[in-house]
Amino acid sequence: MAPAKKIVFKTKHELAVELAKYTANLSSKFCKERGIFTVVLSGGDLISWLWKLLEPPYADSIEWSKWHIFWVDERVCGWDDADSNYKLAYDGFLSKVPVPAENIYAIDKGLGAEGNAELAAERYEECLKEKVNKNIIRTYKSSGFPQFDLQLLGMGPDGHMASLFPGHDQINEKVKWVTFITDSPKPPPKRITFTLPVINCASYNVMAVCDKEQADSVAAALTHTKDVPAGRLTADVEVVWFLDQAAASKLKGWCSIL
Ligand SMILES: O=C1O[C@H](COP(=O)(O)O)[C@@H](O)[C@H](O)[C@H]1O
């Protein structure tokens with residue numbers, strides 16, 4: 001289990017620049033080693049901090065054709081719904097880079113539109129298993145859980161990550177790869193989400209958080225003074241918290257500031 005690193009940035013702009021560099025370095029490493037780079041996206045603000053990847057030197061140098069894109073959580077709705085994490089990522093990032101359409105694994109379109117959270121979670125887990133069988137996704141040591149190369153995560157003000165919310169049972173799931181919630185405290189209520197064991201098997205986990213609304217939960221998660229889902233985040237190789245000064249404002253003195 002990797003200890004959490006924290007980096008505090010003066011501005012969101014600087015955070016986005018460093019996030020692009022970090023992602024591009026890992027892309028280059030995994031594309032060289034495996035010919036594939038598996039990337040897991042979240043929804044929320046994270047997508048707006050990926051803009052630097054769309055610019056030089058990254059836009060033209062990243063081997064986009066080797067990227068495979070998954071979602072750590074998804075709202076159970078149509079792909080064109082304003083709540084959709086797929087739509088958010090497509091409009092803000094994926095439509096601007098040449099990742100092949102067949103390498104983008106969104107929630108099942110029909111089940112999403114129908115609002116069938118349970119079946120949508122089962123179908124997404126089947127999708128992951130199929131990609132494991134095709135050696136697109138690696139598995140974690142002997143556990144059999146999928147191991148993604150890089151997950152780009154965010155955290156809500158209540159300390160939730162993915163769609164694992166405080167006080168809800170999904171955080172305790174130990175067997176399934178993907179589970180669902182139908183009473184999410186943050187709208188919309190129906191969502192599917194990777195489970196904690198899957199999230200924590202990733203080789204590299206980035207948790208990017210900005211703004212003062214998240215400051216209490218950032219402090220709770222990183223000092224373990226209160227049990228919030230994001231405080232359980234680990235990774236196989238490295239977990240790094242990318243914070244702006246407002247999000248880090250309740251942490252006392254021990255972060256590296258860029
Ligand atoms: O609902 C969600 O919230 C979290 C955090 O979002 P943010 O807007 O506070 O950054 C997000 O990571 C997750 O993917 C999304 O479904």
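Read-outs throughout are calculated quantities, based only on the coordinates presented, and are distinct from any laboratory measurement. Please read all numbers here as calculations on a predicted model, not as lab measurements. Heads up, the Cβs are rebuilt from the backbone with ideal geometry, glycines too, and the neighbour counts pull from every protein chain shown.
Between residue 126 and residue 101, the simple label model (points 7 Å from Cα in the Cβ direction) yields a spacing of 2.2 nm.
Residues of the stretch 170-205 with amide nitrogen under 19 Å from the 7 Å Cα-to-Cβ point of residue 83? Taking a point 7 Å out along Cα→Cβ of residue 83, the residues of the stretch 170-205 whose backbone N falls under 19 Å are 170, 179-194. Return the whole-Å distance between the Cα centroid of the stretch 24-42 and the Cα centroid of the stretch 122-138. So the two Cα centres are separated by 17 Å.
Using the Karplus relation 6.51 cos²θ - 1.76 cosθ + 1.60 with θ = phi - 60°, the per-residue 3J(HN,Hα) values for the stretch 164-179 come to 9, 9, x, x, 10, 6, 4, 5, 8, 5, 10, 10, 5, 8, 10, 10 Hz, with x marking Gly and Pro. For the chain, the alpha carbon convex hull comes to 116 Å³ per residue, rounded to a whole number.
Dividing the summed -39500 (n - 2.57) terms of all DSSP H runs of n ≥ 4 by the residue count of the chain sets its mean residue ellipticity at 222 nm at -8500 deg cm²/dmol.
Given their separation in residues at 0.36 nm each and the Cα-Cα distance between them, residue 13 and residue 109 gain 31.2 nm when the chain is fully extended. Residue by residue, the stretch 150-155 carries 3J(HN,Hα) couplings of 9, 10, 10, 10, x, 9 Hz when phi is fed to the Karplus relation 6.51 cos²θ - 1.76 cosθ + 1.60 (θ = phi - 60°); x denotes Gly or Pro. Picking from 170, 155, 115, whose Cα lies most toward the positive end of the charge dipole for the stretch 88-171 (charges on Cβ: Lys, Arg +1; Asp, Glu -1)? Positive-most Cα among the choices belongs to 155.
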